[in-house]
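The values are calculated or read from the model by the stated rules, or taken from the named source; none is laboratory data. Values in this document were obtained by computation on a predicted structure and should not be read as measured data. Cβ placement follows ideal geometry from the backbone for every residue including glycine, while neighbour counts extend to all protein chains displayed. Note: accessible area is taken over every heavy atom of the protein model, side chains too, but ligands, DNA and RNA are not part of it. Shrake-Rupley method; radii C 1.70, N 1.55, O 1.52, S 1.80 Å.
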Amino acid sequence: MNFGLTSEQEMIVSTVRSFVENEIYPHEELVERTGEVPPDLAADIKRKTQELGFYACNFPGEVGGAGLNHLDFALVERELGRGSMALTHFFGRPQNILMACEGDQRERYLLPAVRGDRMDALAMTEPEAGSDVRGMRCTAQREGGDWVVNGTKHFISGADHADFFIVFIATGVDETRKGPKKRITAFLIDRGHPGFEVRDGYQSVSHRGYKNCILEFNDCRLPDAQVLGEVDGGFEVMNTWLYATRITVAAMSVGRARRCFDYALDHAATRRQFGQQIGKFQGVGFQIADMITEIDAADHLTLAAAWALDQGHDANRQIASSKLYATEMLARVTDTTLQIFGGMGLMSDFPIERFWRDARVERIWDGTSEIQRHIIARSLLRPLGA
């Protein structure tokens with residue numbers, strides 16, 4: 001059992017960390033203040049990422065990606081987690097679900113996304129369907145050989161920059177012993193398609209500049225060519241490609257926690273009260289010890305889940321555990337760091353209050369902490385007949 005990184009993995013970590021420190025950190029204050037990423041800055045980040053060979057690094061080499069496995073990609077996301085999400089968005093990691101594209105879809109969506117010519121966004125959440133995905137009310141009904149879509153999606157991250165959308169829509173209902181059960185289909189929908197509108201979303205306290213949008217469908221007519229995967233096979237596509245995104249959330253939480261911890265450690269070593277550095281007081285020193293222990297634990301749990309996925313194991317429980325623990329760890333670390341800084345931690349002169357705000361959403365998106373606990377409990381109890 002080897003917990004060390006290979007020389008290639010060490011290079012990935014150092015390259016991405018250097019990129020974040022030199023190309024992301026200097027612009028964070030601007031994004032925090034304005035809530036916007038200037039288009040020329042977004043294009044510059046994308047261009048430099050492409051020059052490094054990291055754009056779409058989560059895709060296999062045969063479609064133009066760097067071919068990183070789940071473990072290597074988790075290392076990339078861990079380092080990107082140190083920086084503003086609004087800015088690292090342009091580092092370019094298209095949704096892996098695009099690997100389900102077939103035929104003409106590959107030329108229209110998959111390959112342009114990998115090259116960076118087109119950007120994608122994933123649309124699943126609705127006002128009445130968050131954790132309960134099957135509760136979605138956005139529907140696609142057959143009419144004249146096409147699909148006619150009506151409904152609303154919201155909280156769609158990155159939609160303001162997306163050229164096309166991967167949208168999960170209800171395409172029928174099955175009657176089961178437990179009541180009606182909706183069938184779900186994934187569709188590829190271009191921005192500007194008739195009957196489809198992208199609107200500004202809500203103002204969030206987390207990740208300023210990384211906007212969410214509302215998608216409105218009003219008799220939006222789509223041909224069968226826009227179906228991603230099989231009709232009524234949305235959950236199969238989702239489970240094949242999407243649940244690994246929770247590793248991304250966990251890894252980014254670890255990276256952000258380490259950056260926050262560095263501030264806490266430096267402050268504890270330099271801030272003096274009562275004639276000595278505050279880190280010498282057990283009340284602060286023990287907090288430092290607890291934080292690094294939790295960060296390391298979350299790091300190992302996350303990388304182990306990514307490794308298990310690479311080995312072809314059923315890693316669903318490990319992935320859920322890593323997402324649950326890492327995001328809740330991040331909340332504790334940011335809150336403790338703020339406490340160590342005292343009143344200054346709440347001031348916008350320091351980034352601590354930003355880390356604290358940003359941490360809150362991680363326990364909600366890509367599956368709430370409660371959903372992760374449900375997955376973990378179910379995986380343990382079902383084999384015992386419970």
Alpha-carbon centroid distance for the pair the stretch 159-188 / the stretch 323-348, whole angstrom: 37 Å
Would you work out which of ALA257, PHE217, VAL198 lies farthest towards the positive end of the dipole of the stretch 142-287, given +1 charges on the beta-carbon of Lys and Arg and -1 on that of Asp and Glu, about the Cα centre? ALA257
Describe numerically, in nm with one decimal, the distance between label points set 7 Å from Cα along Cα→Cβ at ARG134 and at GLN203. 3.9 nm
Average accessible area per residue (Å²) across the stretch 96-179 - probe 1.4 Å, nucleic acids and ligands excluded: 45 Å²
Expressed as a whole percentage, what fraction of the accessible surface of the stretch 217-269 belongs to carbon and sulfur atoms when a 1.4 Å probe is rolled over the protein heavy atoms? 51 percent
Of the labelled options (i) 1.03; (ii) 0.96; (iii) 1.21, which one gives Cα Rg over 2.2 N^0.38 Å as computed for this structure? (i)
Report, in debye and to the nearest 20, how large the dipole of the stretch 1-157 comes out about its Cα centre when Lys and Arg carry +1 and Asp and Glu carry -1 on their Cβ. 220 debye
Which value, in Å² and to the nearest 10, is the accessible area of ASP358 when all protein chains are kept and the probe is 1.4 Å? 10 Å²
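On alpha-carbon atoms, Rg over Rh for the stretch 253-370 using Kirkwood Rh?
Working: Rg = 15.9 Å, Rh = 15.1 Å.
Dividing the radius of gyration by the Kirkwood radius yields 1.06.
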Tell me, what HN-Hα J-couplings in whole Hz come from the Karplus equation 6.51 cos²θ - 1.76 cosθ + 1.60 at θ = phi - 60° for each residue of the stretch 284-293, using x for Gly and Pro? 9, x, 5, 5, 4, 4, 5, 4, 5, 5
Quick check: from the Cα gyration tensor, does the stretch 74-127 come out rounded (a/c under 1.5), prolate or oblate? prolate
Cα gyration tensor shape for the stretch 1-134, rounded if a/c is under 1.5, else prolate or oblate: rounded
Phi-derived 3J(HN,Hα) across the stretch 147-160 with the Karplus relation (6.51, -1.76, 1.60, θ = phi - 60°), rounded Hz, x for Gly and Pro, is 9, 10, 9, 9, x, 9, 10, 9, 6, 8, 6, x, 5, 5
Measuring from its Cα centre, the stretch 261-386 shows a charge dipole (+1 at each Lys and Arg Cβ, -1 at each Asp and Glu Cβ) which, in debye to the nearest 20, is 320 debye
Using only the alpha-carbon atoms, how far is helix 70-80 inclined from the longest principal axis of the chain? Give it as 0 to 90 degrees, nearest 10. 60 degrees
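Quick one: if the Förster radius is 22 Å, what FRET efficiency do MET1 and ASN69 give, using the C-beta to C-beta distance and rounding to 0.05? The partial results should precede the final answer.
Numbers: r = 18 Å, r/R0 = 0.82.
Calculated transfer efficiency: 0.75.
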How much length is gained on full extension from LYS181 to ALA43, taking 0.36 nm per residue of separation minus their Cα-Cα distance? 45.3 nm
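Please give the charge dipole size of the chain, origin at the Cα centre, charges +1 on K and R Cβ atoms and -1 on D and E Cβ atoms. Round to the nearest 20 debye.
1040 debye
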1.4 Å probe accessible area per residue over the stretch 342-386, in Å²: 60 Å²
In this structure, the FRET efficiency calculated for ASP117 and GLN276 from their beta-carbon separation, with R0 = 45 Å, to the nearest 0.05, is 0.20
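Can you tell me how the stretch 199-305 classifies by the Cα gyration tensor, rounded, prolate or oblate, using a/c under 1.5 as the rounded cut?
On the way: a/c = 6.01, a/b = 2.31, b/c = 2.60.
Since a/c reaches 1.5 but b/c is at least a/b, the shape of the stretch 199-305 is classed as oblate.
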May I ask for the longest run of the chain untouched by trypsin sites (Lys or Arg not before Pro) that are loop-located per DSSP and have at most 11 neighbouring C-beta atoms (other than their own) within 10 Å? 179-386
